[in-house]
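The structure under discussion appears below in the form of structure tokens.
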Amino acid sequence: MPLSRRLAALALSSLVALTIAGCAASPGQTQVPEPEPAETLPTPSELEAAVERSLDSSGVPGAAVIVTAADGASSVVVMGEAAPGRPVEPETRFAYRSITKSLVGTVVLQLAAEGRVDLDAPVSDFVDGVPGGDDITVEQLGAMRSGIANYSAQPGLGELLSRDPAREPGVSELLALAYAESPVFSPGSAYEYSNTNTLLLGEIIERATGDSWVSQVDERIARPLGLESLEYGFLDPEFDATGFALDHGEAVEELPVVAPGWFGAAGGLTGDVSDLADWGRALGSGSLVDEAAQRERIRSLGSIADDPASPFYDRYGFALGELEGWLGHTGNGLGFQSLVMYDPESERVAAILINGTGEDPDLPAAVFADLLDVLPPA
């Protein structure tokens with residue numbers, strides 16, 4: 001059923017479109033005149049129409065989308081169901097999936113600026129047992145140019161997950177799946193998106209700091225930016241979305257909650273759409289790393305043509321992607337899709353969270369393309 005008809009049919013679903021600056025209306029509130037949006041933002045009705053164009057026939061149960069201007073004004077749309085019988089709210093937490101990589105990569109860049117991690121050093125300086133680890137640099141991990149196989153693409157992962165998705169696996173258990181495969185290419189010679197790379201960045205953070213990557217993300221990113229919804233995994237069902245499997249335009253299966261350890265540093269974080277936008281601004285602007293590090297990060301952006309299965313980007317660098325000149329990251333997996341992008345020219349941010357996965361792994365990119373069509377000139 002198309003999203004628009006499904007929304008109309010569900011008594012408990014919500015469709016809220018509003019322009020906000022620090023607050024949001026909740027379903028059931030008395031209707032108030034629609035505020036005037038900032039000149040650099042789409043109107044709520046324009047934003048709503050753009051989202052529906054992309055998602056109407058997708059079967060996605062729910063979505064949260066925000067566009068923020070340089071002055072902090074925002075235009076937000078939340079629609080559909082976070083879980084059966086519960087509407088998506090602005091505060092609903094979705095899985096960020098691979099957007100997690102951008103936070104982990106940023107912590108590594110901070111540690112490099114502090115002299116605690118050398119981006120040109122071999123991985124073997126920090127983590128033992130990595131095949132070819134003497135020849136793979138930390139920088140190559142972040143840029144997806146290590147050649148290490150992707151643990152999440154191995155059949156053995158599905159077998160382990162199906163036994164007990166709520167079990168927290170050890171990182172070594174996941175790395176072993178990748179290490180059992182031959183390297184895909186020699187380090188630095190090509191690009192292939194591999195979740196194993198970011199698992200190893202998480203391990204490097206732990207070795208360099210004596211602390212977990214989760215704690216370091218909290219200390220260095222979440223607290224300074226005030227990302228109060230950011231969590232490792234789902235901890236509060238009242239605010240958490242449920243992931244769904246999509247098939248031919250229908251949400252056919254509510255997926256079980258999966259322990260965040262199956263994603264780890266490659267995709268274990270969750271949060272709401274507003275905090276995602278705040279993170280996207282910091283990521284794209286480089287506000288949490290020094291200027292030299294941000295310049296090098298942008299300079300690291302390169303072609304993804306070597307990997308036809310890569311997430312949809314124009315270019316990819318050190319835990320950072322580029323799409324239509326905007327900088328950010330995307331995520332996809334087990335019931336959730338996500339995107340956050342920052343435009344260096346206008347300083348606008350777009351963030352998209354969806355609780356469904358199916359045939360199209362790049363639905364957020366389609367929504368983003370439609371958002372660009374309704375954005376006023378910078």
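Worth a mention:
- Matching strands (runs of 3 or more DSSP E) fully within the range 287-378 where at least 3 residues are within 26 Å of GLN110 (Cβ to Cβ) and in contact (Cβ under 8 Å) with a residue 40 or more places away in the chain: 326-333, 336-342, 349-354
- Tally, over the range 226-250, of residues that are farther than 14 Å from GLY271 by Cα, part of a strand (DSSP E or B) and not hydrophobic (A, V, I, L, M, F, W, C): 2
- Single unsatisfied condition, GLY105 versus (1) over 21 Å from GLN294 (Cα atoms); (2) of a type outside the set (A, V, I, L, M, F, W, C); (3) touching a Phe, Trp or Tyr at 6+ places or on another chain (Cβ under 8 Å): (1)
- Test for ILE298: is it buried (at least 23 other Cβ atoms within 10 Å of the Cβ) and of a type in the set (A, V, I, L, M): no
- Condition check for GLY267: within 18 Å of the chain's Cα centre (by Cα) and touching a residue at least 12 places away in the same chain (Cβ under 8 Å): yes
- Residue in the range 81-104 that is among the β-branched types (Val, Ile, Thr), over 24 Å from ARG315 (Cα atoms) and outside any loop (DSSP other than H, G, I, E, B) present: no
- Scanning the range 251-281 for residues that are assigned to a strand (DSSP E or B) and out of contact with any helix residue (DSSP H, G or I) (no Cβ under 9 Å at 6 or more places or on another chain), we see that the one that is farthest from LEU174 (Cα to Cα) is VAL252.
- Helices (runs of 4 or more DSSP H) fully within the range 114-225 that include at least 3 residues being over 20 Å from the mean Cα position of the chain (by Cα) and of a type in the set (A, V, I, L, M): 155-163, 171-179.
- The residues of the range 324-354 that are of a type in the set (A, V, I, L, M) and surrounded by 23 or more Cβ atoms within 10 Å (Cβ to Cβ), listed by number, are LEU327, LEU339, VAL340, MET341, VAL349, ALA350, ALA351, ILE352, LEU353, ILE354.
- Cross-chain or 6+ apart pairs with Cβ under 7 Å, the range 213-231 first and surrounded by 21 or more Cβ atoms within 10 Å (Cβ to Cβ), then aromatic (Phe, Trp, Tyr) and not in a loop (DSSP other than H, G, I, E, B): VAL214/TYR232; LEU227/TRP279
- When SER146, SER152 are checked against the criterion of being in contact with a helix residue (DSSP H, G or I) (Cβ under 8 Å, 6 or more places away or on another chain), farther than 27 Å from ALA350 by Cβ and buried (at least 18 other Cβ atoms within 10 Å of the Cβ), SER146 stands alone in meeting it.
We did not get these values from a lab; they are worked out from the coordinates using the rules stated. Everything numeric in this text was worked out from a predicted model, so none of it was measured. Cβ atoms come from the backbone with ideal geometry, glycine included; neighbour counts cover every protein chain shown.
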